Amino acid sequence: SIPKGAVTITPASASTGNTVTLTGSSFPPATTASAMTIGGVSAMPTGGILTDAAGAFTALIEVPAATAGGSLSPGTQIISATVGEIVGSTTSFSTPNPTVSVSPASASVEETITVTGIGFDSLATVTVLKIGTASALPSPAPRATRNGDINTEVLVPLLNPGSYTVTMTSGTSGNFSASTTFTATAAKVVAASTADNTETVFADVIANDDSLV
């Protein structure tokens, strides 16, 4: 019998633009791979893939973009390698759902918070950034990096104190959206002076010949 090629990938989940390690075995020895795909899209490295005398290989592969551009949609991806007449594949790999986080987790109106996204649509612009139903999208809108990371500072919009859902969406497909929670706190009140020394409280007036400034 002719064995079927076997492929494994590490890590088991990564977004477009990230690098993974692909290992193959039971392929024809000393043969150049003719195809390597992730999610049906070519992921063949620039230097190609050549098996050793035992028919094995190890290669660093960049998770490719989708056929129409942007990141591969979240979900299970089929990885396939073809060497000679032997094909090996695995479904033990996925592109993750995007996630979003807010720091600090609570703040008052007009304070600045940092919104961080991971696994969003590669190089796509953020189209939605809301705290509750209020838009917090800055101008210009932030754009994801090659591997889908987003980091932006926003001002907390006018909100009543309470818990809200923060939603961020990038791209136009709708497949890259994530949410988290945020707490809006009451506006900070400036503490009144507790000084009871008249000369201290009115020091500026006294220094200006008893004239108010």
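The values are calculated or read from the model by the stated rules, or taken from the named source; none is laboratory data. If you're wondering where the values come from, they're calculated on a predicted model, not measured in any experiment. Because the Cβ atoms are built from the backbone with ideal geometry, glycine has one as well, and the counts that use them run over all protein chains shown. In case anyone asks, the SASA skips ligands and DNA or RNA and just uses the protein heavy atoms, side chains included. Shrake-Rupley method; radii C 1.70, N 1.55, O 1.52, S 1.80 Å.
Overview of values
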item: Two-site label geometry, residue 53 and residue 205: point separation in nm, points 7 Å out along Cα→Cβ; result: 9.8
item: GluC sites (Glu not before Pro) lying in DSSP loop within region 66-125, provided at most 13 other Cβ fall within 10 Å; result: 85, 110
item: Normalised per residue, the volume of the convex hull around the Cα set of region 90-138 (Å³); result: 114
item: Rh (Kirkwood; distinct C-alpha pairs) - the chain, Å; result: 21.0
item: Distant alpha-carbon pairs in region 55-114 (separation over 12 angstrom), percent; result: 80
item: The chain: most fluctuating residue of 129, 72, 155 per GNM, C-alpha cutoff 10 Å; result: 155
item: Whole-percent carbon and sulfur share, accessible surface of region 1-114, 1.4 Å; result: 54
item: Using alpha carbons only: equivalent-ellipsoid semi-axes of region 63-165, gyration tensor based, whole Å; result: 38, 13, 10
item: Kirkwood hydrodynamic radius (C-alpha pairs) into Stokes-Einstein, region 15-69, 37 °C and 0.692 mPa s, D in µm²/s; result: 279
item: For region 13-122, fraction of C-alpha pairs farther apart than 21 Å, in %; result: 46
item: Local electrostatic count, residue 22, Cβ distance below 15 Å [Lys/Arg +1, Asp/Glu -1]; result: -2
item: Solvent-accessible area per residue for region 31-118 (1.4 angstrom probe, square angstrom); result: 47
